[in-house]
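Asker: Sharing a structure, written as structure tokens. Questions coming.
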2 protein chains.
Amino acid sequence: MLAARLAVRKLKLPSSPVRQQTRLRSTRSASTCPIPTVNQPSFPCVDAHAARESRIIASSSRTSPPAKPSQASSSSGPEPPYARPSPSSYKTYRHTNPLLLVYGSSLPEVEIAYETWGTLSSAKDNVILLHTGLSASSHAASTELNDAEGWWERFIGPGRALDTNQFFVICTNVLGGCYGTTGPSSTDPTIGRPYATRFPVISIFDMVRAQFCLLDHLGIEKLYASVGSSMGAMQSLAAGWLYPERVGKVVSISGTARSSPSAIAMRFAQRSVLMADPNWNKGFYYDGLPPHTGMKLARQIATITYRSGPEWDQRFGRKLRPMPEDQSPDPSNPRVPALCPDFLIETYLDYQGEQFCLKYDANSLIYISKAMDLFDMTASSLTSLNLTPPPPRTSPPPLPPSLSAHPSSPRHEYYHSHLSHSKSHPPPTNPPPHLPDLAEGFRPLANTPVLVLGVQSDILFSVEQQREVADALRMAGNEMVSYYELGGVWGHDTFLLDVQNVGGAIRGFLS
Amino acid sequence: MLAARLAVRKLKLPSSPVRQQTRLRSTRSASTCPIPTVNQPSFPCVDAHAARESRIIASSSRTSPPAKPSQASSSSGPEPPYARPSPSSYKTYRHTNPLLLVYGSSLPEVEIAYETWGTLSSAKDNVILLHTGLSASSHAASTELNDAEGWWERFIGPGRALDTNQFFVICTNVLGGCYGTTGPSSTDPTIGRPYATRFPVISIFDMVRAQFCLLDHLGIEKLYASVGSSMGAMQSLAAGWLYPERVGKVVSISGTARSSPSAIAMRFAQRSVLMADPNWNKGFYYDGLPPHTGMKLARQIATITYRSGPEWDQRFGRKLRPMPEDQSPDPSNPRVPALCPDFLIETYLDYQGEQFCLKYDANSLIYISKAMDLFDMTASSLTSLNLTPPPPRTSPPPLPPSLSAHPSSPRHEYYHSHLSHSKSHPPPTNPPPHLPDLAEGFRPLANTPVLVLGVQSDILFSVEQQREVADALRMAGNEMVSYYELGGVWGHDTFLLDVQNVGGAIRGFLS
């Protein structure tokens, strides 16, 4: 979409600051700074920014669509890169009533992109709403409309964690996103131009409310479960909180109910480098060049938080990138290090940034990462947002479709399995001071079965935060909390990679 | 110095890219993008970059020196901000012979800035060489030449950790720095212009060799001890390795002998944002505007690694900045969040970046952070650098000046204290695979008493890395390793803040 927009508006492209700057530098070099040509240092990692800008300009002057991005790879980031979806590859719902937002603004209308897997039962009681992380589209798995691999491909399908033999799975692009759902890059119908940073600040609760507008439209009164990882876990908890009677079970994987200052700091660093890119232009770049350099730098920082040190120790260690054959050094002398990426860990981060920087809308990144920072389910925070807590659900948790089909299965055993998991988690030894406030905030979730799953090597959503969610739920009176901690070296990305353990825990909790 | 350079070269300032860009944006806005003035978002955190640039340009057009930076504050960063030293505030030594460098290049001459505290004994046997972290000057404590607070003010002085009643303490600005010692901003004597990025890549070993040129000049044959924290700990270990017979004891606080991929990743992110600043201009900015925006962004990232999550939980939590009185929101409505810094953790990082961005040379940051990445004392790495390991010291460790003055003190008790500390550390349960290689590399340090001190909340130089240093030294046969781990919430910055425990361990080890 962005590339198409650039193509349409190619005549409006002003002289690029980068090109201006190149010219200025050249002039300056020629007139005041005659640098010897010998020993002139080269910085391919810096030249890459200008080269990318040239490619964008060249591509915007052609009418052909941009080259299709590479296929998904589950090892490359928090959500794997996937083909930028074409509007025909997903369904949309246009909600034409205003959507009131938590922070006091409203959107006059909202379009929601979504995809589905499995078959909706006639009773419409087998629905799983799957929430995405920050930058993912609705394309969680391949569909008839889009056969590209999705970001949770191995978790969705017949017999998989989200078993499409049983469940009807819905995934939306979140409010604020750029993959078909209304976000900063969407046209503000009141002025006929992109919102840009006139887009209102949104919250995780707003994202969920938009999703429930879609459910209303689809005639789905109740969810069998709400499932999400990372930011999706925030949405999943928020869905259970906003609509206790409509959400049968909640799955929260590597999420949090209260963003920590450390996580805010890492996202702040990303927003800062993005907003400092001159191309960002305070968010008004849609008729010009996108802040691709800032996006690359932001993604490099983000990638650091997605994996763990032990994984990098094993995977990269202190290995250097292979030297091109024509530059292979004299083996009797030390290899002269480069200031541009030289260690494999550096080339990895560089690659991750490069892969991402033109695939996602910069303003979406800013708004959604801010929504993550703002997320806080303590009672005091919810009160300050004028969010009135609904009463906890009174209806019993749903029986899984498989059990419904086999009424002889003893229901008490089903509950027992949850309680035994719950009891396996010891009480907190050093409870954080905000735990009672969080427990108070969690009251609407008191009767909802919740799976909380965390990863000990996660540095973005620490395992302490996972324990906090489980502990606060129990303090709120919830006796149906399943809690798991996973080991391993994959850090936050575990939810994308560990089909065996993450998928297994989900399957067990849902069945 | 930088400001002075700008003032001298003010006529050479080209049209700033930022100003160019502002003009382009204005033109574009006027002709193609008539944005309504109502609801126009403001971004003071972005405007700050342009405002800073304007201030630099204005200050470069005045002949007055820049405003004196604020006084040091020990709570603000890895090294507190200190007044940019004037050349009269420290001593210098000009080494007029070429300095051969580990990576094959050489510097034709080297100037070394240094400061001293205490009195050199007639036998010149009471010398402590204090090594600095990345961005510190030689001004570790106030002197007669410079009464500003130094970065280790509370650790140096009569009766303090580095007791000037006993010891003669020397601290240099490191090779590659910008506070008086030769670095990228220095004039290359062969061409009469700043080296910029024609400066050769340097290693921690080069920094130490330069320091020993100074010691030679001062006629100091042996150090009583080599002391350093963070990057200073790397130098301290390197000094003991390069010159076993000249270094009596080694103190390594919150350092490492082998930079990890995680730490490289964080420094890579900083270099990347800095090098992407158009003002950086591949390092050739000395006749123009410095990359102040990139420096601010880099420092924000660095600051995240200097403190710990638990400290921020306690200090900032999720508190927001106070609102200006004229913007105080309607208490019945939620406060609308800003995309610019809003949480206190954000304003803290923003402030840290702002304070630093004009106080340090960007190229120095790049070269020295790269030297940290490159540091690796495994035998295989040292061999690849053609560094020939000297034999371990044969002379016994020095008696402290206080013991020399009181010969009745039993020497065996003095050693016993070291061994008991040493034995308190259990053997590694999961030794990293490179530990034997590191132990082999440490052989020259086998007979040197070493104090290794780490902090459990340090995310930059993890406590695992501290254990690694201690374990590898013991595997190398060193029976005089003292090892301490500190708790607390200050993370990497503990070495600047915890006078009681860090200072106490040093005092005990040195006495």
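Asker: Only one residue in A:Ile202, A:Ile128 is open to solvent by less than 10 Å² (accessible area, probe 1.4 Å), of a type in the set (Val, Ile, Thr) and assigned to a strand (DSSP E or B), so which one is that?
Answerer: Values: A:Ile202 fails: assigned to a strand (DSSP E or B).
Just one listed residue meets the conditions, A:Ile128.
Asker: Additional query: Can you list the helices (runs of 4 or more DSSP H) lying wholly within segment B:233-335 that have 3 or more residues being in contact with a helix residue (DSSP H, G or I) (Cβ under 9 Å, 6 or more places away or on another chain), more than 19 Å from B:Gly183 (Cβ to Cβ) and of a type in the set (Ser, Thr, Tyr)? Talk me through it step by step, then tell me what you get.
Answerer: On the way: elements: B:261-275, B:292-306, B:309-315.
Per the criteria, B:292-306.
Asker: Another one. Could you please tell me which pairs satisfy a Cβ distance under 6 Å, a separation of 6+ or placement on different chains, a first residue in segment B:134-154 that is outside any loop (DSSP other than H, G, I, E, B), and a second residue that is open to solvent by 20 Å² or more (accessible area, probe 1.4 Å) and not hydroxyl-bearing (Ser, Thr, Tyr)?
Answerer: B:Arg154/B:Val499
Asker: While we're on this one: Looking at segment B:107-125, which of its residues are surrounded by fewer than 22 Cβ atoms within 10 Å (Cβ to Cβ), under 15 Å from B:Val169 (Cα atoms) and among the charged types (D, E, K, R)?
Answerer: Of everything in segment B:107-125, those that are surrounded by fewer than 22 Cβ atoms within 10 Å (Cβ to Cβ), under 15 Å from B:Val169 (Cα atoms) and among the charged types (D, E, K, R) turn out to be B:Lys124, B:Asp125.
Asker: Among the numbered conditions (1) without any contact (Cβ under 8 Å) to a residue 40 or more places away in the chain; (2) open to solvent by less than 40 Å² (accessible area, probe 1.4 Å); (3) at the interface with chain A (Cβ under 7 Å from one of its Cβ atoms), tell me where B:Val336 comes up short.
Answerer: All conditions pass for B:Val336, except number (2).
Asker: Report yes if A:Ala298 is more than 20 Å from B:Met275 (Cα to Cα) and either crowded, with 24+ Cβ neighbours inside 10 Å or not polar (S, T, N, Q) (or both), otherwise no. It would help to see each step written out before you state the result.
Answerer: On the way: more than 20 Å from B:Met275 (Cα to Cα): no; either crowded, with 24+ Cβ neighbours inside 10 Å or not polar (S, T, N, Q) (or both): yes.
No, not satisfied.
Asker: Further question: Report whether or not A:Thr143 is among the β-branched types (Val, Ile, Thr), open to solvent by 50 Å² or more (accessible area, probe 1.4 Å), touching a Phe, Trp or Tyr at 6+ places or on another chain (Cβ under 9 Å) and at pLDDT 95 or above.
Answerer: Details: among the β-branched types (Val, Ile, Thr): yes; open to solvent by 50 Å² or more (accessible area, probe 1.4 Å): no; touching a Phe, Trp or Tyr at 6+ places or on another chain (Cβ under 9 Å): yes; at pLDDT 95 or above: yes.
For A:Thr143, the condition - among the β-branched types (Val, Ile, Thr), open to solvent by 50 Å² or more (accessible area, probe 1.4 Å), touching a Phe, Trp or Tyr at 6+ places or on another chain (Cβ under 9 Å) and at pLDDT 95 or above - is not met.
Asker: Does segment A:344-384 hold any residues that are part of a helix (DSSP H, G or I), under 22 Å from A:Pro85 (Cα atoms) and open to solvent by 10 Å² or more (accessible area, probe 1.4 Å), and which are they? Full working, then the answer.
Answerer: Filtering segment A:344-384 for residues part of a helix (DSSP H, G or I) gives A:344-356, A:362-374, A:379-384.
Then keep just the ones that are under 22 Å from A:Pro85 (Cα atoms); that gives A:351-356, A:362-369.
Hits for segment A:344-384 are A:Tyr351, A:Gln352, A:Glu354, A:Gln355, A:Phe356, A:Leu365.
Asker: What helices (runs of 4 or more DSSP H) completely inside segment B:460-511 contain at least 2 residues that are among the hydrophobic types (A, V, I, L, M, F, W, C) and surrounded by fewer than 22 Cβ atoms within 10 Å (Cβ to Cβ)? First the steps, then the outcome.
Answerer: Numbers: elements: B:463-475, B:494-497, B:504-510.
In segment B:460-511, the matching helices (runs of 4 or more DSSP H) lie at B:463-475.
Asker: Right, another one. Restricting attention to segment A:168-186, report how many residues are in a strand (DSSP E or B), of a type in the set (S, T, N, Q) and open to solvent by 10 Å² or more (accessible area, probe 1.4 Å). It would help to see each step written out before you state the result.
Answerer: Of the residues in segment A:168-186, the ones in a strand (DSSP E or B) are A:168-172.
Next, only the ones that are of a type in the set (S, T, N, Q) stay: A:172.
Filter once more, keeping what is open to solvent by 10 Å² or more (accessible area, probe 1.4 Å): none.
Number of matching residues: 0.
Asker: Further, regarding this structure: Could you tell me how many of the residues in segment A:63-110 are at positive phi and at pLDDT 95 or above?
Answerer: 0
Asker: Still on this model: Small (Gly, Ala, Ser) and at pLDDT below 55: which single residue out of B:Ser402, B:Ser381, B:Ser395, B:Ser424 fits that description? Walk me through how you get there before you give the answer.
Answerer: Numbers: B:Ser402 fails: at pLDDT below 55; B:Ser381 fails: at pLDDT below 55; B:Ser395 fails: at pLDDT below 55.
When all the criteria are applied, what remains is B:Ser424.
Asker: Just need a number here: residues in segment B:447-459 that are closer than 22 Å to B:Ala239 by Cα and either in contact with a Lys or Arg (Cβ under 9 Å, 6 or more places away or on another chain) or within 14 Å of another protein chain (Cβ to nearest Cβ) (or both).
Answerer: We begin by selecting, within segment B:447-459, every residue closer than 22 Å to B:Ala239 by Cα; these are B:447-454.
Okay, now just the ones that are also either in contact with a Lys or Arg (Cβ under 9 Å, 6 or more places away or on another chain) or within 14 Å of another protein chain (Cβ to nearest Cβ) (or both), so B:447-452, B:454.
Total meeting the criteria: 7.
Asker: May I pose another question? Looking only at residues in segment B:250-309 that are of a type in the set (Ser, Thr, Tyr) and within 30 Å of B:Leu223 (Cα to Cα), which one is farthest from the other protein chains (Cβ to nearest Cβ)? So that I can check it myself, show each step before the final result.
Answerer: Kept after step one, since they are of a type in the set (Ser, Thr, Tyr), are these residues of segment B:250-309: B:252, B:254, B:256, B:259-260, B:262, B:272, B:285-286, B:293, B:303, B:305-306, B:308.
Filter once more, keeping what is within 30 Å of B:Leu223 (Cα to Cα): B:252, B:254, B:256, B:259-260, B:306.
Working: B:Ser252: 19, B:Ser254: 16, B:Thr256: 12, B:Ser259: 7, B:Ser260: 6, B:Tyr306: 11 Å.
Applying the filter and picking the extreme gives B:Ser252.
Asker: Please work out if B:Val452 is under 16 Å from B:Val227 (Cα atoms) and either at pLDDT 95 or above or surrounded by 21 or more Cβ atoms within 10 Å (Cβ to Cβ) (or both).
Answerer: Details: under 16 Å from B:Val227 (Cα atoms): yes; either at pLDDT 95 or above or surrounded by 21 or more Cβ atoms within 10 Å (Cβ to Cβ) (or both): yes.
In short, yes.
Asker: Here is a list: A:Pro310, A:Pro341, A:Pro389, A:Pro324. Which entry is more than 18 Å from A:Ser230 (Cα to Cα), free of Cβ contacts under 8 Å to residues at least 12 places away in the same chain and open to solvent by 10 Å² or more (accessible area, probe 1.4 Å)?
Answerer: A:Pro324
Asker: Further question: Determine whether B:Pro189 is touching a residue at least 24 places away in the same chain (Cβ under 8 Å), over 20 Å from the mean Cα position of the chain (by Cα) and open to solvent by less than 20 Å² (accessible area, probe 1.4 Å). Please lay out each step first, then the result.
Answerer: Numbers: touching a residue at least 24 places away in the same chain (Cβ under 8 Å): yes; over 20 Å from the mean Cα position of the chain (by Cα): yes; open to solvent by less than 20 Å² (accessible area, probe 1.4 Å): no.
It is false that B:Pro189 is touching a residue at least 24 places away in the same chain (Cβ under 8 Å), over 20 Å from the mean Cα position of the chain (by Cα) and open to solvent by less than 20 Å² (accessible area, probe 1.4 Å).
The values are calculated or read from the model by the stated rules, or taken from the named source; none is laboratory data. All of these numbers come straight from a predicted model, not from anything done at the bench. Every residue, glycine as well, gets a Cβ built from its backbone with ideal geometry; the counts of neighbours run over all protein chains shown. The protein model used for the area step is the full one, side chains on, heavy atoms only, and it has no ligands, DNA or RNA in it. Shrake-Rupley method; radii C 1.70, N 1.55, O 1.52, S 1.80 Å.
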